[in-house]
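Working notes, beginning with the structure itself.
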Amino acid sequence: RDIPIVREKVEAVLRIAGFPPDSHSGKDLLGILETYPRDELFQIEVPDLAATAISIQRLQERRRTRLFLRPDIYGRFMSAVVFLPRDRYTTNVRLRIEDELRETFHAESIDYEARMTESALARLFFRIRLPKDADVTNVNSQELEKRLVRATRSWSEGITEVLRDSSPDEGCKELAELWAEAFPASYRVDYEVEDALEDIARFEKYSAA
């Protein structure tokens, strides 16, 4: 709040939200703005900042993955802020998120910054360098967010999800309970959840024989 441009934006966001600065909600929102990526505070427009900050405030302590995108006005970069449950954050998860962003935006390069606090959520900030003359208007942010949810899901959640999608009946629940934690850590590093579905089918076939 000591930087004039940023201070004006912060005050504008508080006005839009309708929270008195000394109220609990006002202090909570101010805390979100104070820890927001500094470069973003300078570049983002007030309406977009207000919408994002208020959405983040509603997200607080909810164990879910959310994506917030902001294109650079010159078309050179795309900023992506990703919130995910803190206990799911690993280097492999971050790399899977990067892969999704790289493929979606045909990125030339991606820089990232991770922020961990006592909150239930971790925050990742990605600065994505776009190729020349990139067109990001056709990017479906909701579909991208769904892919990031899959990229950040736990192993047991993934097993349950793929089994439910492949055989939506009562038997999939029993299979999920049986196999969710059955695969060793070494397998989980080398293979995706979808690969495990084929192996589960093989094991079930052998056990039934």
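The condition of being modelled with pLDDT of 95 or more, under 21 Å from residue 38 (Cβ atoms) and open to solvent by less than 20 Å² (accessible area, probe 1.4 Å) holds for residue 126. Criterion first (of a type in the set (A, V, I, L, M) and either open to solvent by 80 Å² or more (accessible area, probe 1.4 Å) or outside any strand (DSSP E or B) (or both)) does residue 84 satisfy it? So residue 84 fails the test. When 144, 163 are checked against the criterion of being in a helix (DSSP H, G or I) and within 30 Å of residue 57 (Cα to Cα), 144 stands alone in meeting it. Counting the residues of segment 82-129 that are in contact with a Ser or Thr (Cβ under 9 Å, 6 or more places away or on another chain) and over 29 Å from residue 185 (Cα atoms) gives 3.
If the condition is being farther than 18 Å from residue 144 by Cβ, touching an Asp or Glu at 6+ places or on another chain (Cβ under 9 Å) and assigned to a strand (DSSP E or B), then segment 95-122 contributes 121, 122. Within segment 40-91, the set of residues being small (Gly, Ala, Ser) and in contact with a helix residue (DSSP H, G or I) (Cβ under 8 Å, 6 or more places away or on another chain) comprises 50, 53, 79, 80. Looking at segment 91-113, is at least one residue farther than 17 Å from residue 64 by Cβ, open to solvent by less than 50 Å² (accessible area, probe 1.4 Å) and basic (Lys, Arg)? Checked segment 91-113: at least one residue is farther than 17 Å from residue 64 by Cβ, open to solvent by less than 50 Å² (accessible area, probe 1.4 Å) and basic (Lys, Arg).
Does residue 37 satisfy being exposed (fewer than 15 other Cβ atoms within 10 Å of the Cβ) and not small (Gly, Ala, Ser)? No, not satisfied.
Scanning segment 8-31 for residues being at pLDDT 90 or above and among the β-branched types (Val, Ile, Thr) gives a total of 2. Take the residues in segment 129-162 that are of a type outside the set (D, E, K, R) and free of Cβ contacts under 8 Å to residues at least 24 places away in the same chain; name whichever of them is least open to solvent (accessible area, probe 1.4 Å). The qualifying residue least open to solvent (accessible area, probe 1.4 Å) is 160.
The values are calculated or read from the model by the stated rules, or taken from the named source; none is laboratory data. Note that the structure is predicted; figures quoted are calculated from it, not measured. Ideal geometry is used to build each Cβ from the backbone, glycine not excepted, and the neighbour counts take in all protein chains shown. SASA here: full protein model, heavy atoms, side chains in, ligands and nucleic acids out. Shrake-Rupley method; radii C 1.70, N 1.55, O 1.52, S 1.80 Å.
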